[in-house]
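Take a look at the structure set out below.
Values in this text are rule-based calculations from the coordinates and carry no lab data. As the structure is a prediction and not an experimental result, all values here were calculated from the model. Please note: Cβ atoms are built from the backbone with ideal geometry, for glycine as well, and neighbour counts cover all protein chains shown.
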Amino acid sequence: MQGKGLDGKTIILRVELDARSVGFGAAAAAIEAAGGDMIAIDVIQTGRDRTVRDLTVKIGDSASTERISQSLSAVPGVKLVNVSDRTFLLHLGGKITIQPKTPIQNRDDLSRVYTPEVARVCTAIHEDPSKAFTLTIKRNTVAVVSDGSAVLGLGNIGPYAAMPVMEGKAMLFKQFADVDAFPICLDTQDTEAIIAAVKGIAPGFGGINLEDISAPRCFEIEQRLRDELDIPVFHDDQHGTAVVLYAGLLNALKLTGRTLATAKIVVCGIGAAGTACTKMLLAGGARNIVGIDRVGILTVDKSYANPMWQWYAEHTNPQRLSGGLTEAIAGADVFIGVSAGGILTRAHVTSMANDPIVFAMANPEPEIRPELIEDIVGVFATGRSDYPNQINNVLCFPGIFRGALDCRATVINEQMKLAAAEAIASVIGEDELSRMYIIPSVFNSRIVEEVRRRVIEAAQSSGVARRQPRE
Ligand SMILES: NC(=O)c1ccc[n+]([C@@H]2O[C@H](COP(=O)([O-])OP(=O)(O)OC[C@H]3O[C@@H](n4cnc5c(N)ncnc54)[C@H](O)[C@@H]3O)[C@@H](O)[C@H]2O)c1
Ligand SMILES: O=C(O)C[C@H](O)C(=O)O
Ligand SMILES: [Mg+2]
């Protein structure tokens, strides 16, 4: 098992060299001395006094971006202008764009897509608002809405910093399910203001994917929007995560000879994801779930100001355990982490039952790195793409929205979520299932189609579909 880490292995250093006092060789030598290997040089600007170059440098195992930058900056006459890596370069100018479906080539085209002809289409929609689904982008467009309050496990980093994640989700929607998704990061964390903003933009969208909004506000925001809008509103960190977790856990339990009803399951991080995962496991028949957050094990013997924690304490922890993670995890069959990076230790895992299942799903840094417990864990999964068994909501949200949009569902309900989980689990055949393969790859082309098909069936049988899709 190997993760690539967050630093790219190749970096690009933009340097300004004082042409009179520094030779290029000195810069190259400084990079080499710090463990870097210069593999390309691009001249950006040249002049009599100074030149600007982009140096592409491969970072050796012993080196780091910081060491190389420091070594280079220490050379007299060298000014380090910028350091980027392949990841940053991929983000230059953002990751998505909007393109018209047809070009406007002449006056005739112009008068059809725009004034005066467009007015006839506007009038038709005014007379029959349901035509918005057929005559505008509403039919295939989802808003990915965040307030930046719980971005991955990075926490409350605000709406500007949340944008790269939301753009990424939009890319995944398009690539995997051909859904046009638009990232919307709101500059408010006020519940009422978020509800009003989403309701205000809803006319242009066929669905709302709420993303990275922290608990407990996310519960009220989602519930109110579900009640007040007639398009699906789906908090991805709750339900997308729960659907994928459920699919992966069923397979892991099967492989280790356990059942949901008898396994002791510890859920760490009782926020958006932890709450929804627990609800889905309870609905599936789990009976021994213990939840833990910063305040310790949630137990009915205490009372909590957070109403969701109160609910949680009343519906879990049948043995009324108390204490911290050490007390919660002793003898547990399953650990589900949706909290923060690095909080689980090898000693914790050693204290679990034999052949334990550890799903360390915090992003980007899991609760524990697989290499630390490889020899003692039964089944291991993370939320990341650079380890085996990626339990990530990307396996759910493209397909579930594809299905919901195609049958014009008014909501995404429990039946549709369960259908999505069963679809994801079903993509792995019995003979393929192994400890390193409990959940299909994001790139498995059958996932979206299978999720879509079963979600549409579930929407129809539960009476929330407004349209019969063609195929
Ligand atoms: N793999 C996936 O698909 C996936 C999906 C959703 C969320 N996540 C990850 O799960 C984590 C939580 O996301 P969320 O949307 O539920 O956020 P959230 O803010 O709603 O909830 C996080 C909860 O974790 C708790 N927590 C933080 N540090 C803790 C600690 N040291 N010990 C115990 N509890 C702690 C917080 O108090 C909070 O209740 C993030 O790291 C996120 O990246 C992963
Ligand atoms: O964004 C991800 O990779 C998954 C999830 O939505 C998260 O918040 O961590
Ligand atoms: Mg998220």
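Pull out a ≥ b ≥ c, the square roots of the eigenvalues of the alpha-carbon gyration tensor of the range 23-119, then state rounded if a/c is under 1.5, prolate if not and a/b is larger than b/c, and oblate in the remaining case. Please report the intermediate quantities before stating the final value.
Working: a/c = 4.75, a/b = 2.80, b/c = 1.69.
Taking the square roots of the gyration eigenvalues as a ≥ b ≥ c, the range 23-119 is prolate.
Before anything else, pin down the relative contact order of the chain: Cα pairs under 8 Å, at least 6 apart, normalised by residue count, whole percent. Before the final figure, lay out each step's value.
Numbers: 923 pairs, mean separation 54.5, N = 471.
In percent, rounded to a whole number, it is 12.
Mind checking the dipole of the range 359-401: about its Cα centre, +1 per Lys or Arg Cβ, -1 per Asp or Glu Cβ, Debye to the nearest 20? Provide the component values of the computation, followed by the final result.
Details: 2 positive and 6 negative charges, 45 e Å.
Here the size comes out at about 220 debye.
Give me, ordered by chain and number, the residues 5 or more places off Ala181 or on other chains with an amide H under 5 Å from its own placed amide H.
Val142, Lys174
Please give the charge dipole size of the chain, origin at the Cα centre, charges +1 on K and R Cβ atoms and -1 on D and E Cβ atoms. Round to the nearest 20 debye. Could you put the intermediate results ahead of the total?
Working: 47 positive and 54 negative charges, 118 e Å.
That gives the chain a dipole magnitude of about 560 debye.
Taking the Cα centre as origin and putting +1 on Lys and Arg beta-carbons and -1 on Asp and Glu beta-carbons, what dipole magnitude results for the range 10-91, to the nearest 20 debye? Spell out each step's value before the answer.
Details: 9 positive and 10 negative charges, 46 e Å.
Around 220 debye, computed over the range 10-91.
In whole Hz, what ³J(HN,Hα) sequence does the range 403-417 give by Karplus (6.51, -1.76, 1.60; θ = phi - 60°), x for Gly and Pro?
x, 4, 5, 5, 9, 6, 5, 7, 9, 10, 9, 4, 4, 5, 5
At 222 nm, what value in deg cm²/dmol follows for the chain if DSSP H runs of at least 4 each add -39500 (n - 2.57) and the sum is divided by all its residues, to the nearest 500? Could you put the intermediate results ahead of the total?
Working: 17 runs with 174 residues, N = 471.
Mean residue ellipticity at 222 nm (helix-derived): -11000 deg cm²/dmol.
Neighbour counts of other C-beta atoms within 10 Å: give me Cys185, Cys277, Cys122, Cys268 arranged from fewest to most.
Numbers: Cys185 21, Cys277 29, Cys122 11, Cys268 25.
The order, fewest Cβ neighbours first, is Cys122, Cys185, Cys268, Cys277.
Run the reach check for Lys58 against lysines, Cα to Cα strictly under 28 Å, same-chain hits fewer than 8 apart removed. What comes back?
Those lysines meeting the cut-off are Lys4, Lys9, Lys79, Lys95.
Within 13 Å, Cβ to Cβ, of Val43, how many net charges do the neighbouring residues add up to if Lys/Arg are +1 and Asp/Glu are -1? The partial results should precede the final answer.
On the way: positive: Arg14, Arg50, Arg53; negative: Glu16, Asp42, Asp54.
Here the count lands on 0.
For the range 238-471, what relative contact order do you get, as a whole percent, if you take Cα pairs closer than 8 Å and at least 6 residues apart?
Worked out over the range 238-471, it gives 19 percent.
Pop out the ³J(HN,Hα) list for the range 444-461 in order, Karplus 6.51 cos²θ - 1.76 cosθ + 1.60 with θ = phi - 60°, rounded to Hz; leave Gly and Pro as x.
With coefficients 6.51, -1.76 and 1.60, one gets 5, 5, 7, 4, 4, 5, 5, 5, 3, 4, 6, 5, 4, 4, 5, 5, 5, 6 Hz.
What stretch of the chain, leaving out the sites themselves, is the longest with no trypsin sites (Lys or Arg not before Pro) in a DSSP loop having at most 11 other Cβ atoms within 10 Å?
Working: sites that count: Lys4, Arg20, Arg48, Lys101, Arg294, Arg320, Arg470.
Maximal segment without exposed cleavage sites: 102-293.
Between the range 410-443 and the range 335-384, what's the alpha-carbon centroid distance in Å?
Result: 21 Å between the Cα centres.
Give Lys169/Lys417; Lys101/Lys131; Lys101/Lys199 a once-over and call out the pairs whose C-alpha atoms are over 24 Å from each other.
Violating the 24 Å limit, Cα to Cα: Lys101/Lys199.
For the charge dipole of the chain, defined by +1 on Lys and Arg C-beta atoms and -1 on Asp and Glu C-beta atoms about the Cα centroid, which residue among Val144, Ile104, Ile447 has the Cα displaced farthest towards the positive pole?
Comparing the listed Cα positions along the dipole, Ile104 ranks first.
Taking neighbour Cβ counts within 10 Å as the exposure measure, how do Leu250, Leu372, Leu72 sort from fewest upward? Numbers along the way, then the final one.
Values: Leu250 18, Leu372 14, Leu72 25.
Taking fewest neighbouring Cβ atoms as first place, the list is Leu372, Leu250, Leu72.
Could you please rank Asp190, Asp227, Asp237, placing first whichever residue has the fewest other Cβ atoms within 10 Å of its Cβ? Display every interim value, and only then the final one.
Numbers: Asp190 12, Asp227 9, Asp237 25.
Fewest-to-most ranking of Asp190, Asp227, Asp237: Asp227, Asp190, Asp237.
Per-residue HN-Hα couplings for the range 27-41, Karplus 6.51 cos²θ - 1.76 cosθ + 1.60 at θ = phi - 60°, whole Hz, x for Gly and Pro?
Those phi angles translate into 5, 4, 5, 5, 5, 5, 4, 8, x, x, 10, 6, 10, 7, 10 Hz.
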